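The structure appears right after this line, and notes come after that.
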Amino acid sequence: MNAYGNEDLKWQKTTNYDFSMELGLFKDRIIINPHYYYKLTKGLVNSINIAPSTGFTTYDANLGDMSNKGFELYLTVNAYKSKDVNVNFFGNMAHNKNTIVRISNALKAYNDAINNYQANLKNNAQGVPLLHYQEGQSLYTIWGVKSLGIDPENGKEILVKRDGSLTYTWD
């Protein structure tokens, strides 16, 4: 056996939409190239870490659906052109936003397990940010506890709970 099997694993399917154009101005001395894209991946396949006691460290699973959309803009300016010399300036900018459209039941169970683990004070998991996935959020969303800084009276960090109350305990 080369890998831990998963009978529920399916092919991921991706749909792409791209729109791009190239606009040359002043005999192509200025070239503008805007590009917009949208990508939807259904049944995203990723590796899941498992206990090494199984004989494997990971297995592949479908984690849900994710979209990526964004734009890129390229600009080329030919500032000087002669028989022997060309002086060009290039610039570009890009923006991408990924969003988790749907998470699998396995990821929902993972989120519940992480929440329970961090809620259990015996695990000493306070202050340790762990991965958490939520539909409508980015794959790279950072989940943490809001801090108001250090209390000058006692030197402890003041944290804000979900309900808006203040505490010294990372929760």
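Some values worked out for this structure:
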{"quantity": "For Val101, distant residues with modelled amide H under 5 Å away", "calculated": "Asp65, Met66, Ser67, Gly136"}
{"quantity": "Carbon and sulfur %, accessible surface of the stretch 54-120 computed with the full protein complex present, 1.4 Å", "calculated": "55"}
{"quantity": "Pairwise label distance in nanometres, Gln12 with Ile150, each label 7 Å out on the Cα-Cβ vector", "calculated": "4.3"}
{"quantity": "Tyr74-Gln134 pseudo-label distance in nm [points 7 Å out on the Cα-to-Cβ vector]", "calculated": "3.8"}
{"quantity": "Acute angle (nearest 10 degrees) that the helix 105-119 long axis makes with the longest principal axis of the chain, alpha-carbon atoms", "calculated": "60"}
{"quantity": "Estimated vicinal HN-Hα couplings, Hz - the stretch 68-85 in sequence order (Karplus 6.51, -1.76, 1.60; Gly, Pro = x)", "calculated": "10, 9, x, 9, 9, 9, 10, 9, 10, 10, 8, 6, 8, 9, 9, 4, 10, 9"}
{"quantity": "Förster-model FRET efficiency, 41 Å R0, Leu25 and Thr141, C-beta, rounded to 0.05", "calculated": "0.55"}
{"quantity": "Cα gyration tensor shape of the stretch 1-94, rounded if a/c is under 1.5, else prolate or oblate by comparing a/b with b/c", "calculated": "prolate"}
{"quantity": "Sites Ile114 and Lys83, calculated FRET efficiency, Cβ-Cβ separation with R0 45 Å, nearest 0.05", "calculated": "0.10"}
{"quantity": "Filter on Lys39/Lys108; Lys69/Lys108; Lys13/Lys146 - keep pairs with C-alpha separation over 27 Å", "calculated": "Lys13/Lys146"}
{"quantity": "Amide proton proximity set for Glu157, modelled H, under 5 Å, gap of 5+", "calculated": "Asp151"}
{"quantity": "GNM flexibility winner over the chain from Leu23, Leu107, Leu40 (Cα, springs under 10 Å)", "calculated": "Leu23"}
{"quantity": "Dipole axis of the chain (+1 Lys, Arg; -1 Asp, Glu on Cβ), positive-most option in Ser82, Tyr168, Asn115", "calculated": "Ser82"}
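The values are calculated or read from the model by the stated rules, or taken from the named source; none is laboratory data. In this text, all values refer to a predicted model and were calculated from it rather than measured experimentally. Glycine gets a Cβ as well: all are built from the backbone with ideal geometry, and neighbour counts include every protein chain shown. For accessibility, only protein heavy atoms count, side chains too; no ligands or nucleic acids. Shrake-Rupley method; radii C 1.70, N 1.55, O 1.52, S 1.80 Å.
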